[in-house]
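The values are calculated or read from the model by the stated rules, or taken from the named source; none is laboratory data. All of these numbers come straight from a predicted model, not from anything done at the bench. All Cβ positions, even for glycine, are placed from backbone atoms using ideal geometry, and neighbour counts span all protein chains on display.
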Amino acid sequence: MRPGIVTYNPFLQLLFASGQVPMPLLEVFWSMGMSRSIIAGVRLGIFDVLALDAKDAATIANSINGDPNSVKVLLDALTGFGYLHRKAGLYSLTSKSRKWLQSTTSNSLVEGIRFIGDLFQGIEPIETAILAGKVDNFHHKTNSPDFWRDYMRGLAKIASLVSEQVIRRIPVSNAEPKRLLDVGGGHGMFSVAFCRRYPTAQAEILDLPEVLPHGQALVKEAGYAERIQYRSGDLRTIEWGDNFDVVFLFNILHNLSAAECATAISKAHTALRPSGTIVILDSQHEGGQDQLSALAGFNELFFFLVSGSQAWPEATIRDWLQSSNFQNCKRGTTIPLPGLLMLTAQNS
């Protein structure tokens, strides 16, 4: 997948193909404008205001205590980007904003988008980080309880889009696995999906102490507090336990150094019973020295900026699995969120 500016006007298509259009300028200008406009619309609650019917700019501005003229500017930007529809001066939701950008819908991405906005606000300038060559992992900074709450709820909403599909695709050696260790799985949605699929299973989530109250609240809301327990600790230093049927390392490796990744996979091997299953879910990266997808290239930069790490190539992860004596490593089938890699392997 490679995002970019697309036109359906035949003349503009020819012009774009000629190489005479200053695409870097347009891509920087429009991509920044689109993302900032959507985040602002979410934070201001504009999409919720339009949940029931179309409204004019003055009515919307009154609902969010904003200035009518400046609110209209944002509404027009969202219209141009395809997130609102305007007719006779009235604004209404498009199908994608109605599905994804209302806070009360089952598919809502509001919490995830709000957190992404907060996260990017906290990132130091890219040029500074690149020249320094070192970034502190934000998981180990002093963050407020509100930060951790929004982080967990944002991740939970994103995970809920794929959790059921991911769990269905996990090959397990036991027809009915009993014990799951979800390492760094603070929001709990993958453990919830696992327990839902296997009615007699119990899950244990190992995560940082700051995460626990927010994850426990989410699991309680999902109705699984009796079957999902939390254990406080830093996965890099604490012992993980043993005799688990399945260990999840979901979106963990991209927050760790190469040495820490190898150690984490070795710890998973120790924590599993014989023939137990490790499941790794992380950002896809082609590796090698040739062309990269937009997702792989950006993820490599993004995880460096937020964690001082990177998205690791599949071949590198397979090497770590082999070095820890895992066998029968398989790549999972495609799941409905672009850019995810799923690997499973069995404890020898």
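Key figures
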quantity	calculated
Unique residue being within 24 Å of the chain's Cα centre (by Cα), β-branched (Val, Ile, Thr) and more than 30 Å from Gly308 (Cβ to Cβ) when the list is Thr142, Thr59, Thr104	Thr104
Residue within the range 133-155 that is more than 26 Å from Leu341 (Cβ to Cβ), among the charged types (D, E, K, R), part of a helix (DSSP H, G or I) and not assigned by TED's automatic domain parsing to the domain that holds Leu249 present	no
Sole residue being out of contact with any Pro (no Cβ under 7 Å at 6 or more places or on another chain), without any contact (Cβ under 8 Å) to a residue 24 or more places away in the chain and of a type in the set (A, V, I, L, M), chosen from Leu301, Leu292	Leu292
Residues that are in a helix (DSSP H, G or I), within 27 Å of Phe120 (Cβ to Cβ) and among the polar types (S, T, N, Q), drawn from the range 34-65	Ser35, Ser37, Ser63
Pair list, Cβ < 8 Å and 6+ apart or interchain, from the range 157-175 residues that are within 13 Å of Ala193 (Cα to Cα) to residues that are loosely packed, with under 15 Cβ neighbours inside 10 Å and among the aliphatic types (A, V, I, L, M)	Leu161/Leu337; Val162/Leu337
Tally, over the range 107-129, of residues that are touching a helix residue (DSSP H, G or I) at 6+ places or on another chain (Cβ under 9 Å) and either under 14 Å from Val306 (Cβ atoms) or among the hydroxyl-bearing types (Ser, Thr, Tyr) (or both)	12
Unique residue being surrounded by fewer than 22 Cβ atoms within 10 Å (Cβ to Cβ) and outside any strand (DSSP E or B) when the list is Ser275, Ser191, Ser266	Ser266
Filter result (surrounded by fewer than 18 Cβ atoms within 10 Å (Cβ to Cβ) and among the β-branched types (Val, Ile, Thr)) within the range 217-232	none
